[in-house]
Amino acid sequence: MFDDKSLNTLEYGKILEMLAARAQSEGGKAACRGLRPVGVRTEAELALDMTAEADRTLFEFSVSPSFAVDDIEETLLKAEKGAVLSIPEILRVGRALRVARRLRKSVSAVTGIPGLHGMIAGLYSDEELEKDIFDSFISETEVADNATPELRAIRLRIRKLGDNVKTRLQLFVTSPAYHKYLQDSIVTVRGDRYVIPVKSEFKGAISGLVHDQSASGATLYIEPMQIVELNNELKTEKLNEQAEIERILRNFSISVRAHSDRLQASYAVIVEMDAIFARAQLAHEMKAVRPELSAEGELSVKEGRHPLIDAKKVVPLTLGMKPEEKMLLITGPNTGGKTVTLKMTGLFVCMALSGMYVPAKGAKVPVFDGVYSDIGDEQSIEQSLSTFSAHIRNIIEILGKITEHSLVLFDELGAGTDPGEGAALAVSISDYVMRTGAKFLVTSHFNDLKEYALTTKGVVAASMEFDTATFRPTFRLVMGAIGTSNALDIASGLGLDKSIIENARTRISAEKRQFDNVLSAAEQTRRRAEQLVSDASLDREKAASALREAENEKKLIAEKREKLDESIRRETKRLIEDSVEEADEIIDQLKSLLAKDSVEDKDIFAARALKRKLQNISAKYDTESIVEDEPDDTPLEPGDFVWVKSLARRGQLKGVNARGEAEVAFGKLAVKVRQGDYYKVK
C-alpha cells in the first residue's frame with residue numbers, strides 16, 4: 001500500500017508540487033497533486049508510455065498543446081439542474097470547446113503516439129456552438145449587439161430614444177431662460193432616467209419629477225415633464241433588452257445541458273492530458289530518463305540524482321540489487337548521505353510507478369504493491385512517545401502490512417536505545433523482513449548488522465565513501481563495501497580536542513577496534529583495486545585512441561593513393577589521345593604520298609621522316625605514360641599484386657604453374673604471363 005505517511009516521509013508531495021507547477025489548468029494541477037503510485041504492472045507501464053508519447057510530442061515534433069481550460073464541472077452541474085447560466089459560465093464552456101478543438105488538431109498531426117490519439121478521440125468539440133458563444137459575448141459582463149436580431153433592434157431603439165431625450169434636455173441646459181435655474185449645464189442620469197441638476201431654491205421653476213438630490217441639498221435632479229414619456233419608453237426598451245439577454249442566456253444554458261455528458265468527458269480528457277504533459281515537461285527539465293519496470297525483481301539506479309537537491313550540488317548515486325538480493329545494508333559515516341540514498345530510492349520507485357521519469361542515467365524498478373518507510377525523528381510529544389518508542393510503533397505497523405512484493409526502508413534501525421539491545425533488535429527485525437521476501441534497504445552503524453550482512457545469503461552491503469585524507473564524506477555510494485562510522489575522525493576534523501579523541505579511542509573495545517581495522521584494510525584494498533581498474537581503463541582508452549589514429553592514417557593514405565592513380569590515368573589518357581591525333585596526321589600525309597602516280601626521291605625522304613615521327617611517338621609514350629609499381633621482395637602468394645612488364649600493367653596473381661608461368665587477372669580478364677615477365681609489387 002502506498003500510504004500517505006510513507007509518501008510524506010519520502011517528500012513525494014514536493015515532487016507532486018513541482019509537477020503541478022508545470023500543468024496549465026487548475027484541473028490539471030489538481031490531477032498532478034492527486035497522482036499516486038500504482039502496484040499493477042500494466043497500469044504503471046501505460047502511464048510511462050503516455051509520458052513517453054507526450055515527450056515525443058513536445059520535444060521531437062515541437063508541438064506544445066494548450067490546456068488553459070477553466071473548471072466547468074460546477075457549471076455543467078448547474079446546467080443539468082436547469083439553472084440559467086451566467087455570461088462567465090457560458091464563456092468557460094466556450095473556452096473548453098475551443099481548447100478541445102485545438103488540442104485535437106495539434107495532437108492528431110503527431111505520429112507514433114497511439115495512446116494520445118486514443119485520448120483525443122474522447123474530446124468533444126462543437127464549432128458552431130463555440131462560435132455562437134464568442135460571437136454573442138464581448139466580455140464576462142457584456143452581450144454583443146449581434147447576439148440576436150431582436151437584441152440588435154432593441155438596442156437601436158434604445159440609442160435613438162436616448163439621443164432624443166438628451167437632445168430635448170439639451171434645450172434646457174443651453175437655453176438662457178433656464179440658465180439661472182441650473183446648478184450645472186449638463187445632462188445626467190439618476191435611476192436609469194435622464195435628468196438635469198436644478199438649484200433647490202428654483203424647484204418650482206421647472207415642472208417635473210424630482211429623482212434625487214445632492215448630499216448638501218443644494219441641487220435637485222429633476223426630470224422635466226416634457227421628457228417623462230420618452231424616459232418611460234426608454235425604460236421599457238431597457239427592460240426588453242434585459243428580457244432578451246435572459247432569453248439568450250437561457251438558450252445557451254439549454255444547449256450546454258444537452259451536451260453536458262460529452263462536455264464533462266471532454267473536460268476530464270483535457271485535465272488528464274494536461275497532467276501527462278506536465279510529467280513530460282518535468283522529466284525534460286530534470287534531464288530524467290524512463291525507468292524500466294523489472295519483471296524479475298531487479299532494483300538498480302545508475303547515477304541517480306535526488307530531485308529535491310540542487311542539481312549543481314547533488315552527487316550522483318549508483319546502487320543495485322539483483323532479483324535474488326533482498327536486503328541492502330548501507331553503512332558509513334554520519335552526514336555521508338545514507339538517508340538521502342534511502343529517500344532517493346523510495347522516491348524513484350514512487351515516481352516510476354506514477355508514470356514519471358527519474359533523474360538518472362538509468363533505472364530498473366520492480367512493481368511493488370507498497371512502499372513503507374521509517375525515516376527520521378518520529379518522536380511524539382502529544383502521545384508522550386520517545387524517539388525509540390515512536391520508531392518501534394511505526395515499525396510494528398509496517399511489519400503487519402508488508403508482503404513479498406513490498407519495498408521497506410528503515411533508517412538507523414535499532415538506534416535510540418542501549419547499543420547492545422538495539423543491535424540485537426536490528427538484526428532480528430532484518431531477519432524477519434528477509435523471511436517475508438520484501439525488498440529491504442536499511443542504514444546502520446551496528447557491527448552486528450554488518451556481520452549479518454557478511455554472513456547471510458541474499459544480503460548485499462554498500463557504504464558511503466569517506467575520504468581519510470580530508471576526514472570528510474564524499475557522498476559516493478560504494479556497492480559491496482562495508483564502512484566504519486569514522487565518528488572519531490570526523491570529530492577530530494571538526495576541531496574536537498585531541499586529548500578527548502585519544503581518550504575515546506582507549507575506551508573502544510579491542511573487538512571493535514579489530515573489526516574496524518579489518519574494514520579499513522578492506523576499504524584500502526578496494527580503493528587500490530579501483531585505482532588499478534581506473535589505470536587499466538585509461539591505458540585501454542589510450543590504446544583505442546592510437547588504433548583509431550592509425551586507422552584514420554591508413555584511410556588517408558588510401559585516399560591519396562586513389563587520387564594519384566586517378567591522376568595517372570587521366571595523364572595517360574591525355575598522352576594517348578594526343579599521340580593518336582598526331583599519328584593520324586602522319587598517316588594521312590603518307591597516304592597522300594602513296595597516292596601520287598610517280599614517287600620522287602624527296603617523297604621517299606619525306607616518308608622516312610614521317611616514319612621516324614611515328615617511332616618517336618611510341619618512344620615518348622613508353623617513357624611518359626608507363627609508371628611502374630615499386631617491387632616487393634617478399635615471397636609471392638596467390639592474391640598478391642604483380643607488375644607485368646610486357647603489358648606495363650598491374651594485375652592480381654591467381655596462381656603459378658611448375659614452369660613458372662603465372663596466371664594474372666586484370667579485372668574480369670585473366671592472361672598467362674611467362675616467367676621473368678612479372679614481379680611482386682607493394
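The values are calculated or read from the model by the stated rules, or taken from the named source; none is laboratory data. This is a predicted model, so every value here is computed, not measured. Here Cβ is always computed from backbone atoms with ideal geometry, including for glycine, and neighbour counts include all displayed protein chains. The accessibility values were calculated without ligands, DNA or RNA, using every heavy atom of the protein model including side chains. Shrake-Rupley method; radii C 1.70, N 1.55, O 1.52, S 1.80 Å.
Observations, loosely collected:
- THR339 vs. criteria closer than 14 Å to MET479 by Cβ, polar (S, T, N, Q) and open to solvent by 30 Å² or more (accessible area, probe 1.4 Å): no
- Residues being assigned to a loop (DSSP other than H, G, I, E, B), open to solvent by 20 Å² or more (accessible area, probe 1.4 Å) and of a type in the set (Gly, Ala, Ser) - total across region 295-314: 2
- Check on LEU151, farther than 20 Å from SER266 by Cα and either of a type in the set (Asp, Glu) or more than 39 Å from the chain's Cα centre (by Cα) (or both): yes
- Count of residues meeting criterion [open to solvent by 30 Å² or more (accessible area, probe 1.4 Å) and either closer than 20 Å to PRO333 by Cβ or at pLDDT below 90 (or both)] in region 451-470: 7
- Output for region 21-40, where each listed residue is buried (at least 21 other Cβ atoms within 10 Å of the Cβ) and either part of a helix (DSSP H, G or I) or among the hydroxyl-bearing types (Ser, Thr, Tyr) (or both): SER25, GLY27, GLY28, LYS29, ALA31, CYS32
- Filtered by the rule that a residue be charged (D, E, K, R) and modelled with pLDDT under 80, region 612-652 gives ARG612, LYS613, LYS620, ASP622, GLU624, GLU628, ASP629, GLU630.
- The residues on offer are MET321, MET351, MET327, MET344, and the sole one that is surrounded by 24 or more Cβ atoms within 10 Å (Cβ to Cβ), in contact (Cβ under 8 Å) with a residue 40 or more places away in the chain and more than 26 Å from the chain's Cα centre (by Cα) is MET321.
- Considering region 188-290, the qualifying strands (runs of 3 or more DSSP E), each wholly inside and each with 1 or more residues that are open to solvent by less than 60 Å² (accessible area, probe 1.4 Å) and aliphatic (A, V, I, L, M), run over 193-199, 219-224.
- The single condition among (1) open to solvent by 40 Å² or more (accessible area, probe 1.4 Å); (2) touching a strand residue (DSSP E or B) at 6+ places or on another chain (Cβ under 9 Å); (3) of a type in the set (Asp, Glu) that ASP374 does not satisfy is (1).
- Failed item in (1) closer than 16 Å to ARG290 by Cα; (2) crowded, with 21+ Cβ neighbours inside 10 Å, with LEU46 passing the rest: (2)
- Residue tally, condition more than 30 Å from LYS312 (Cβ to Cβ), basic (Lys, Arg) and under 36 Å from the mean Cα position of the chain (by Cα), over region 232-286: 1
- Look at (1) under 20 Å from HIS284 (Cα atoms); (2) open to solvent by less than 50 Å² (accessible area, probe 1.4 Å); (3) not in a loop (DSSP other than H, G, I, E, B) and you find that LYS14 fails only one, number (2).
- Selection of region 406-450 for residues being open to solvent by 20 Å² or more (accessible area, probe 1.4 Å), in a helix (DSSP H, G or I) and in contact (Cβ under 8 Å) with a residue 60 or more places away in the chain yields MET434, ASN447.
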